[in-house]
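See structure below.
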Amino acid sequence: MGSVGAKEVPVLLSPEGLRIDGRKLDELRPIRIRAGPLHQADGSAFVEWGANKVMAAVYGPREVHPRHLQQNNKAVIQCRYNMAAFSVDERKRPGLDRRSQEISKVIAEAFESVVFAEEYPRTSIDVYIEVLQANAGTRCAGLVAASVALADAGIPMADLLPAVAVGKIDGKIALDLKKEEDNFGEADLPMALVPQSGRLVLLQMEGHMTPEELSRSLDLGVAGCKVIYEKMKQALRDRYATTELPGGSA
Amino acid sequence: MSQGHRSGHRSRGRGESSPPPARDRVLVLPGEEIPGSALRPGAGTYRLGGKVYASVLGLLEPKPPFVTVIPLSGRYIPKAGDTVIGIVTDCQTTFWLLDIAAPRWAPLHVTGSPWKVEVGETDRYLRVGQAVVVRVESLEATGRIGVTMLGDGLGKLEEGTIVSVSPARIPRVVGRNGSMVRSITAHTGSQIAVGQNGRIWIGGSPEAIQRTREALRMIDEQGQHRGLTARVESYLSSTDRPGDRGPERVPVESAHRDAVPHELPPLPAEPDAGGPDGPGADDAAEY
Amino acid sequence: MSGEVASELRTTHVLDLAASGKRLDGRALDEYRAVSIEPGFIATADGSALVRLGDTVVAAGVKLELGKPFPDTPNAGVLTTNAELVPLSSPTFEPGPPQPGAIEVSRVVDRAIRAAETIDLARLCVTPGEKTWVCYVDLHVLDHSGNLIDAAMLAGVSALAHAVVPAKRFGVAEADYALAVGHLPIECTFVRLGDAIVVDPTFDEEQAAQGRLTIATDELGRVVAMQKGLVGAFSPDDVRSMVSRALAHGDRLRAAARGGPA
């Protein structure tokens, strides 16, 4: 996507079964999560995941704008997933395109499945995701960042929401595709898991897989989500754990 | 949200019983199972399939027969009886809308004000941007927050300034039996009124206000850490100067200032609702 | 409308402090906040920088693409500056089409880059009338704690100073090469607080401000752009004094913007 000039389909798997960045099929890219980097938001998180850089912020629960979106019995969860113009190889026109709007919708619905929105009737919980640098899997990275930001904002919810994409490259099921694998692979299956219940609250698919491949992909994705879940929790612990202040015993 | 059964409403966890020392409390995250608990799910928790889980990021606190989680972050969640500081955001014909840092704006009806306000003349008494100390009177299922300005220590704030901290830090700001507030005011010569919503009014000389702001900023940013009390004390002592004691009048030369005299008595440092017995209030003593 | 209402008491306090030569965060009236610049922050951009100005954070990305010159300037390249004040960065920003505030930031930054001739547009032209480089400077605000114009300018010029023309990728040269940048303009913004004029205002100071003046200078000591904003007024002597202060701050900030990757 966005590369200039047609390129030949690269070899995505080595004879040894390693991927172009040396990963095994069931291996995640490196992930770093920081909770609470922003000052203005009620909650925030920054996620670096492979070559993705994604910032998320949460505002609310707060008064609903525009007002007609207000719901009498619960908070409305509004999500805005946006890509910075410079986040992809070919400059993206600023503003929400149809893809961004669709992703915003499915992410909002994923969070509606876990947030205890009925505690805050007639309010809005606004989830903002800014993709600063994209390299496949930005909706999952955005969802992970937003989930940590929601916890950082003190929003009550059933669980954190880890997310990851599984795909198919050179006929093999692989965890967490990077850009070349996404562009030239045969399938992409992003998902978000509620770890505590084992259920999926975001699930999309594009490409082709047999039912058997899909079944294995789901297992691989769930296993990947559990690893990411631990990193999300660690990021929040790092921010909120009690420590001894240096010089505090004066 | 359809999963699980939840009992009780979440509150900011201000209760009657005395909690164990803060250092023993466990940090829990949304979705984490609260282990080995025969206790019933209270605020900040929920039950699913016979187990109890945390629903918010916070500190675990058993309050038999319940287990609760005291949030460590988030907006102010109003509780009847709380004293809070509001900023006027709108003047309607028979009420003002106040931003009290809660999820919703709170209407202050003219009958809850000390003035006899003619219909449509609300903005003659309170303008957008002005600050008031009010008490939360009622909470409706719709999320509507009823507040009043009638009562001791309530009214319009005419001078000084307002700073905001996380509402979760208010017990640390107050300290055990008000010790932190007393220490700050004694060192700086400022006056302090603490709103349970995380807004804190500071009066006194510009220098006193500035040092108080700095002490409050330290508490806000480092409030969960051990050694904070000593650190704040050390800051306050290091900036002590002779002649700092006792509030001075704020210079009255700005065009923005009303000519209205200060009509409020200094507010109580510890609004009753958030009293020193609340969970977390002990923290200052232990750290 | 969903944003914070400025508290009158805080505004008054900011003004009272300024009257005695003090500021909320303890800075001197002519003291700039700490600046950190992280060039190359965005790998997908041809040039980029993440700038922190106190608690204000702006990311800038430069992209170069081939396009057609404008018919009235067939020999010149194209420069486009765009600022996004996304709602992630402040409770006062709302989703939707660009607000006047965002457009002001991009136009003020754009003017300074053009006037300082930071980019020699003629050198961007590949084939007159046919093909030229289009240089996009995208400014993305992440945390709004005041003085967005200065932070955006710093991010923009840092990104330009470290930009590489992707000539190989676009098939117009054997190798990529550094974008030629001339003078780097630096914006320096002041606000009036009563009789005092302070540099690099925070959000609270902007709320209390009785007039704002932004002055862009280049390293030749020229003033290359100005923008007076907010309600309020300045005397010609005020302006003269701010210009000399803007030059001093500009020299220091420019060195930081030029500096290579940390």
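The values are calculated or read from the model by the stated rules, or taken from the named source; none is laboratory data. Please read all numbers here as calculations on a predicted model, not as lab measurements. All Cβ positions, even for glycine, are placed from backbone atoms using ideal geometry, and neighbour counts span all protein chains on display.
Here are a few things to note about the model shown:
- Here is the figure for the stretch B:70-85: residues that are within 9 Å of chain A (Cβ to nearest Cβ) and either not in a loop (DSSP other than H, G, I, E, B) or not charged (D, E, K, R) (or both) total 5.
- Just one of the listed residues (A:Asp126, A:Asp159, A:Asp152, A:Asp170) is at pLDDT below 95 and either over 13 Å from the mean Cα position of the chain (by Cα) or more than 23 Å from B:Val69 (Cβ to Cβ) (or both), namely A:Asp170.
- Selected residue (criterion: nearest to C:Ser145 (Cα to Cα)) from residues of the stretch C:193-219 that are out of contact with any Cys (no Cβ under 9 Å at 6 or more places or on another chain) and among the β-branched types (Val, Ile, Thr): C:Thr202
- Consider the stretch B:208-224 and keep the residues that are of a type in the set (Asp, Glu) and either touching a helix residue (DSSP H, G or I) at 6+ places or on another chain (Cβ under 8 Å) or under 22 Å from B:Ile87 (Cβ atoms) (or both). The one that is farthest from the other protein chains (Cβ to nearest Cβ) is B:Asp220.
- Residues satisfying the stated conditions in the stretch A:75-104, i.e. out of contact with any Ser or Thr (no Cβ under 9 Å at 6 or more places or on another chain), within 14 Å of chain C (Cβ to nearest Cβ) and closer than 21 Å to A:Leu161 by Cβ: A:Ser100, A:Gln101, A:Ser104
- Checking each residue in the stretch C:223-258 for being outside any helix (DSSP H, G or I) and over 17 Å from the mean Cα position of the chain (by Cα) picks out C:Leu230, C:Val231, C:Gly232, C:Ala233, C:Phe234, C:Ser235.
- For A:Asp89, the conditions (1) within 30 Å of C:Val165 (Cα to Cα); (2) out of contact with any strand residue (DSSP E or B) (no Cβ under 7 Å at 6 or more places or on another chain); (3) part of a helix (DSSP H, G or I) all hold with the exception of (3).
- The one condition in (1) at pLDDT 95 or above; (2) part of a loop (DSSP other than H, G, I, E, B) that C:Gly171 fails to fulfil: (1)
- Unmet requirement for B:Gly50, which otherwise passes all of (1) at pLDDT 90 or above; (2) over 29 Å from B:Ala101 (Cβ atoms): (1)
- A single member of A:Asp152, A:Asp176 is of a type outside the set (A, V, I, L, M), over 20 Å from A:Arg29 (Cβ atoms) and out of contact with any Asp or Glu (no Cβ under 6 Å at 6 or more places or on another chain), and it is A:Asp152.
- Flag for B:Ile209 being at pLDDT 95 or above and not in a loop (DSSP other than H, G, I, E, B): no
- Selected residue (criterion: farthest from the other protein chains (Cβ to nearest Cβ)) from residues of the stretch C:42-62 that are over 17 Å from the mean Cα position of the chain (by Cα) and of a type outside the set (Ser, Thr, Tyr): C:Asp46
- Per-region count, the stretch B:60-95, residues in contact with a helix residue (DSSP H, G or I) (Cβ under 8 Å, 6 or more places away or on another chain), crowded, with 17+ Cβ neighbours inside 10 Å and of a type outside the set (A, V, I, L, M, F, W, C): 8
- Long-range neighbours under 7 Å by Cβ, at least six apart or interchain, first residue more than 7 Å from chain A (Cβ to nearest Cβ) within the stretch B:225-241, second part of a loop (DSSP other than H, G, I, E, B): B:Thr229/B:Tyr287
- Residue in the stretch A:205-216 that is touching a residue at least 60 places away in the same chain (Cβ under 8 Å) and buried (at least 18 other Cβ atoms within 10 Å of the Cβ) present: no
- In the stretch C:6-58, the residues that are at pLDDT 95 or above and of a type in the set (S, T, N, Q): C:Ser36, C:Thr44, C:Ser48, C:Thr56
- Residue that is within 14 Å of chain C (Cβ to nearest Cβ), over 21 Å from the mean Cα position of the chain (by Cα) and among the β-branched types (Val, Ile, Thr), where the choices are B:Val163, B:Val128: B:Val128
- Residue among C:Leu29, C:Leu66 that alone is surrounded by fewer than 24 Cβ atoms within 10 Å (Cβ to Cβ) and under 17 Å from C:Pro166 (Cβ atoms): C:Leu66
- Search result, residues across the stretch B:113-151 that are closer than 23 Å to B:Gly81 by Cβ, surrounded by fewer than 20 Cβ atoms within 10 Å (Cβ to Cβ) and without any contact (Cβ under 8 Å) to a residue 60 or more places away in the chain: B:Pro114, B:Glu137, B:Ser138, B:Glu140, B:Ala141, B:Thr142, B:Arg144, B:Gly146, B:Thr148, B:Leu150, B:Gly151
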